[in-house]
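Structure first, commentary second.
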Amino acid sequence: MRRLRWFALLMTLAALATLLAACGGDDGDETDPTPSETPAASATLAPEPTELPAPTEPPAPEPTDPPEPEPGNGGAPPQIGVTAQNLTFSPNVIFVPAAAPFNLVLENGDSGVSHNIAIFADQAAAQAGNAIIASPIEAGPSTQTLSVSSLAAGDYFAWCQIHTVSMAATVRAE
């Protein structure tokens with residue numbers, strides 16, 4: 001039985017020696033990479049980033065033609081209605097065509113009360129009295145038509161030149 005133990009021990013040592021020889025250290029051969037020389041799987045080389053072109057301004061929109069006249073009105077400018085009543089304008093945002101003629105029709109519904117409508121570049125221009133265009137001041141009830149040759153696209157300030165604090169609106173040309 002003793003012999004069998006020695007035989008088993010000898011076989012175990014032989015197997016261990018074989019394993020150590022197979023997994024041996026660096027022998028200086030450059031063709032076998034060692035673990036420190038093997039690139040990691042996640043370390044694959046990516047192409048160098050290319051430089052993106054600098055962003056450019058979007059092209060300016062093409063100028064558009066003025067809106068076509070409404071069918072059946074004989075090519076006349078559109079009529080935009082505004083009501084002055086109870087010291088307010090209705091609507092308080094007045095949409096008009098940009099870069100095209102239009103008629104602003106002011107309906108003064110306040111009996112015995114004078115109103116008008118004046119359009120300014122902004123509120124500072126209104127306070128300075130620099131109207132782009134204004135209708136005459138007239139007691140109601142009345143209807144006035146203010147012919148406007150055109151306004152560039154944008155927002156304008158409008159008010160009644162008598163009731164400046166309470167009667168203001170925005171004219172939006174688009």
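Within the stretch 101-128, which residues are in contact with an Asp or Glu (Cβ under 9 Å, 6 or more places away or on another chain) and over 13 Å from S142 (Cα atoms)?
Passing the criteria: only D122.
Collect the residues in the stretch 87-132 that are within 16 Å of A169 (Cα to Cα) and among the acidic types (D, E), keeping them in residue-number order.
E107, D122
Are any residues in the stretch 133-143 among the hydroxyl-bearing types (S, T, Y) and within 14 Å of V171 (Cβ to Cβ), and if so, which ones?
Step one: list which residues in the stretch 133-143 are among the hydroxyl-bearing types (S, T, Y), which gives 135, 142-143.
Scanning the stretch 133-143 gives a single hit, S135.
If we keep just the residues of the stretch 73-82 that are at pLDDT 95 or above and more than 15 Å from S149 (Cα to Cα), which is surrounded by the fewest Cβ atoms within 10 Å (Cβ to Cβ)?
G81
What strands (runs of 3 or more DSSP E), lying completely within the stretch 83-174, carry at least 2 residues that are touching a Lys or Arg at 6+ places or on another chain (Cβ under 7 Å) and exposed (fewer than 15 other Cβ atoms within 10 Å of the Cβ)?
93-96
Yes/no matrix, rows are residues, columns are (1) farther than 17 Å from I80 by Cα; (2) hydroxyl-bearing (S, T, Y); (3) touching a strand residue (DSSP E or B) at 6+ places or on another chain (Cβ under 8 Å):
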position	(1), (2), (3)
V105	no, no, yes
S114	yes, yes, yes
A124	yes, no, no
N130	yes, no, yes
M167	yes, no, yes
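The values are calculated or read from the model by the stated rules, or taken from the named source; none is laboratory data. The structure presented is a predicted model; accordingly, all values stated were derived computationally and were not measured. Positions of Cβ are backbone-derived with ideal geometry, glycine not excepted, and every protein chain shown enters the neighbour counts.
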